[in-house]
Each structure stands twice: as C-alpha cells, then as structure tokens.
1. Over all residues in B:236-247, what is the mean tally of Cβ atoms on other chains that come within 10 Å of each residue's Cβ?
2. Please go through the stretch B:272-320 and write out the trypsin sites (Lys or Arg not before Pro) that DSSP classes as loop and that have at most 13 other C-beta atoms within 10 Å.
3. Using heavy-atom solvent-accessible surface (probe 1.4 Å) with all chains present, what is the largest-first order of B:Asp283, B:Asp150, A:Asp67, A:Asp20?
4. Take the alpha carbon gyration tensor of the stretch B:185-242, find the square roots of its eigenvalues, order them as a ≥ b ≥ c, and report rounded if a/c is under 1.5; if not, report prolate when a/b exceeds b/c, else oblate.
5. How big is the Kirkwood radius of the protein assembly as shown, worked out from every pair of different alpha carbons and given in Å to one decimal?
6. How compact is the stretch B:1-157 by the rule of thumb for globular proteins, expressed as Cα Rg over 2.2 N^0.38 Å?
7. Among B:Val144, B:Pro181, B:Ala206, which residue has its Cα positioned farthest towards the positive end of the charge dipole of the protein assembly as shown, with +1 placed on the Cβ of Lys and Arg, -1 on the Cβ of Asp and Glu, and the dipole taken about the Cα centre?
8. Expressed as an acute angle from 0 to 90° and rounded to the nearest 10, what is the orientation of the C-alpha long axis of helix B:245-254 relative to the principal long axis of chain B?
Amino acid sequence: MCVGLSAKVVKISDGTAVIDAGGAKREVSAQLLEDLEPGDYVMVHAGVAIAKITEEDDDETDQLMEDML
Amino acid sequence: MEEEKKKTAREIIENYDGPKVRIMEVCGTHTHEIFRLGIRKLLPPQVELISGPGCPVCVTPVGFIDEAIWLALEKGVTICTFGDLVRVPGTKMSLAGAREKGAKIRIVYSPADAEKYASEHPGEQVVFLSVGFETTTPAECLSVKKAKKDGLMNYSLLMANKTMPQAYEALKGSADIFLYPGHVNAITGTKLCEKLTEEGVSGVVAGFTAKELLTALAVALVKFQEGKPFFVNCYPRVVKAEGSREAQQLTDEMTEACDSEWRGLGVIPESGVRLKKEWSAFDARKKYDIPPIQGKANPACRCGDVLQGKCKPSDCKVFGKVCAPQHPVGACMVSNEGACAAYYAYGDNK
C-alpha cells in the first residue's frame with residue numbers, strides 16, 4: 001500500500017488529475033499540488049499526487065556524487 | 001597530470017573497507033528494492049542492512065485487526081481496506097477469515113475509492129481502515145473532507161495512522177545510519193533529520209531507483225568514515241527541505257497527535273494521529289463506541305523483533321516453515337513491503 005508511483009499528468013480538472021503510469025491511466029487527487037500542468041511528472045501515493053518530480057533523476061544523482069564524493 | 005578517475009557509487013560500496021556499520025532501511029519498499037536489484041550482493045561483510053519499522057501494515061497491531069473484525073461482524077459495517085491488511089492475522093482470525101463468516105470486506109486502491117463506494121451505497125455503513133504514515137494520512141483526510149462535502153453519514157475511518165519522528169527517537173541506538181523513507185520526507189521535509197544529526201543520529205534520504213539507492217548507500221558509507229554525525233538528502237528530485245506545505249496544513253487542520261501502539265515497539269506516546277473533535281462524526285471508534293480490545297499476537301512470531309532490527313526474519317523459528325506468504329503468521333510476511341516477505345521472496349537467509 002505504501003509504494004509511490006511516478007506518473008505523467010495527462011489531464012487536469014477541478015482538483016483531479018488523470019495520470020499515465022506506464023500506459024495505465026487513472027484519476028488521482030491533485031489537491032495537494034499547485035500549478036500542476038499536463039506533461040508534469042508526479043509521485044502518486046494512495047491515490048493522491050504528493051510531489052512534483054523531474055522526469056530524469058540522472059542529472060541530480062550525478063551532481064550529488066560530484067559534490068559529495 | 002591526469003586527474004584520478006572518480007569512483008562510481010557501486011565501486012565505493014563494493015570496496016568499502018571502513019569500520020563495521022549497521023544501516024537501517026526504515027522503509028519496507030527500500031528493503032524490497034535493495035533485494036530485488038541485487039544490491040545486497042555488492043555489500044562487503046562489515047556492512048549490515050537491517051529492516052526497520054517503515055511498513056505501515058507491519059507495524060499495525062493485532063488489536064487493530066480485531067477492532068475491524070468487530071465492526072464487520074458485530075456492527076455489520078462494510079470494511080474498505082488496502083489489500084495487504086486482509087490477510088494479517090488478528091487474535092482469532094484475519095479479515096479474510098471474517099469474510100468467510102459473512103463479513104463484507106472490500107479491497108480498494110485509495111481512501112477516495114472507499115468514500116466513492118460509500119456515496120454509491122447509501123444503505124451500507126462504510127469504514128475505511130486508515131493506516132499509514134505521513135504520506136498516507138493526507139489522502140485519508142481528503143476522503144473525509146469529501147465525505148463531509150457530499151453530506152455522507154455512512155463513511156468513517158478506523159485510524160491507526162502513525163508519524164515517524166517518535167519512532168526514530170525510539171530506535172536511535174538500533175543502527176549507525178538510517179536510510180530515511182523518501183516519500184515520508186517528501187511530505188515532512190528534512191528538518192527533523194537535520195535535528196537528529198545534532199543528537200548524533202546519522203542518515204540519508206534515499207529514492208527508490210537503482211541509481212538513487214546506490215548513490216545513497218555510497219554517500220552514507222563515505223560520510224560514515226569521516227566519523228561525524230551527518231545528514232544528506234540523496235533524493236532531491238522529490239524531497240525538498242520544507243516538504244509539502246499543503247499536506248502539512250491539511251493534516252494539522254484535521255488531525256491531532258495521540259498515543260499509538262506499534263507492533264513490536266509497544267505504545268509510543270504522541271506517535272499517532274486521530275481526527276480532531278470537529279471531525280469526530282467520521283471517527284469510527286467514536287461513532288460505533290468500539291470497546292477496548294487488546295489483541296494477542298502468535299507467541300512464536302518475532303515480527304516485533306524484526307521491526308526493531310533486533311533479529312533477521314530468518315532468525316525466527318517459524319520463518320519459511322509455518323510462516324510463509326501463503327499462510328502468514330505475522331504481518332511482516334503478509335505485506336508486500338514486509339521484511340519477512342522480502343527475505344522469503346529473494347531467498348536470502350543470511
């Protein structure tokens with residue numbers, strides 16, 4: 001139950017977002033995120049989009065390794 | 001002069017030759033992903049990964065299952081729940097067992113689906129089994145808000161929601177480094193982790209992909225060798241320092257702290273949340289006046305020790321024999337995020 005799912009926002013209307021997670025589409029609540037637009041990537045948890053994410057994490061983890069190690 | 005080639009995260013982990021270190025995966029999904037991706041096989045012997053209390057189904061006590069069964073069988077309510085809870089043993093039976101006795105148990109994907117079911121079935125009283133940490137509580141609050149807006153009188157929550165800060169305090173000495181659960185931090189931010197560093201507790205926030213997990217472990221091992229308490233957010237694409245203000249405001253508005261029982265850890269003061277008085281019409285314990293129920297776990301089960309990192313699943317006498325995913329004795333074998341289920345699925349008995 002506790003797994004976060006990253007998904008692409010396809011449609012937004014009235015605090016609800018239609019998301020596409022690897023081809024599977026479903027409606028989730030978008031009430032916790034402001035300024036969400038179609039094309040954004042979000043982390044979905046228990047039917048609610050909880051955070052906006054960047055599409056690729058590679059740059060950030062590379063930067064982290066560069067900074068830290 | 002040619003610059004020395006930087007080591008990759010994998011090389012840092014594989015070639016770690018520092019002191020013995022115990023890293024606690026607070027989140028059950030981390031436990032499973034680390035197994036699934038084969039990362040355990042990269043670890044040198046002095047790096048020990050132990051599982052923590054971060055699977056909400058696993059830490060939910062037996063008494064909660066008994067309360068849900070009481071509601072279903074004695075009060076005839078329809079129970080809506082996340083699927084993993086259905087096979088968790090209660091004192092006498094699981095929810096699956098109660099279903100065989102006629103209880104109405106429905107598996108839903110989210111609290112919003114439970115609220116929708118209630119609105120479509122006005123003749124039924126519907127109770128959603130509200131478990132989870134800071135990540136799940138906002139979804140449960142949103143369902144109650146919607147129920148109020150829709151004027152529903154037949155929807156309520158049986159709450160066992162928990163918050164992580166007090167658990168970190170309770171587990172302080174159990175590990176050298178916490179692998180913090182990325183999605184909880186997406187909601188709460190990183191202030192608490194930074195505060196714990198001042199108390200000598202080290203940790204890194206980790207994401208869930210192979211690269212994110214390897215990076216987090218490599219950063220943890222490098223920082224550990226520096227000998228000072230540390231905190232690094234290794235999941236910056238999702239976790240921001242301030243967390244989700246909207247989610248924090250919503251839970252502050254609707255819930256208040258309460259003492260909460262954790263399987264294995266006992267009652268931890270102020271480690272749970274319940275609906276505030278003004279929302280008590282949606283609190284199943286008040287609505288149905290549930291009597292105090294003290295659950296009793298199977299004495300052979302060591303889920304409690306597993307959840308505190310005191311033993312590995314394979315140290316438990318019933319693991320893999322009496323207790324298996326097809327016939328679980330404890331919650332950690334039921335849940336997809338449970339440590340026992342991970343050890344069983346990936347065949348690691350070390």
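The values are calculated or read from the model by the stated rules, or taken from the named source; none is laboratory data. What you see is a predicted model, and the numbers here were worked out from it, not measured in a lab. Note that we place each Cβ from the backbone using ideal geometry, even for glycine, and neighbour counts take in every protein chain shown. Accessible surface areas use protein heavy atoms only, side chains included; no ligands, DNA or RNA. Shrake-Rupley method; radii C 1.70, N 1.55, O 1.52, S 1.80 Å.
1. That works out to 5 on average.
2. Numbers: sites: B:Arg274, B:Lys276, B:Lys277, B:Arg285, B:Lys286, B:Lys287, B:Lys296, B:Arg302, B:Lys310, B:Lys317; in loops: B:Lys276, B:Lys296, B:Arg302, B:Lys310, B:Lys317.
Taking the stretch B:272-320 and a limit of 13 other Cβ atoms within 10 Å, the loop trypsin sites (Lys or Arg not before Pro) found are B:Lys276, B:Lys296, B:Lys310, B:Lys317.
3. Ranking B:Asp283, B:Asp150, A:Asp67, A:Asp20 by accessible area, largest first, yields A:Asp67, B:Asp150, A:Asp20, B:Asp283.
4. oblate
5. Values: mean 1/r = 0.0455 Å⁻¹.
Averaging 1/r across every pair of different Cα atoms and inverting gives 22.0 Å.
6. 1.48
7. B:Val144
8. 40 degrees
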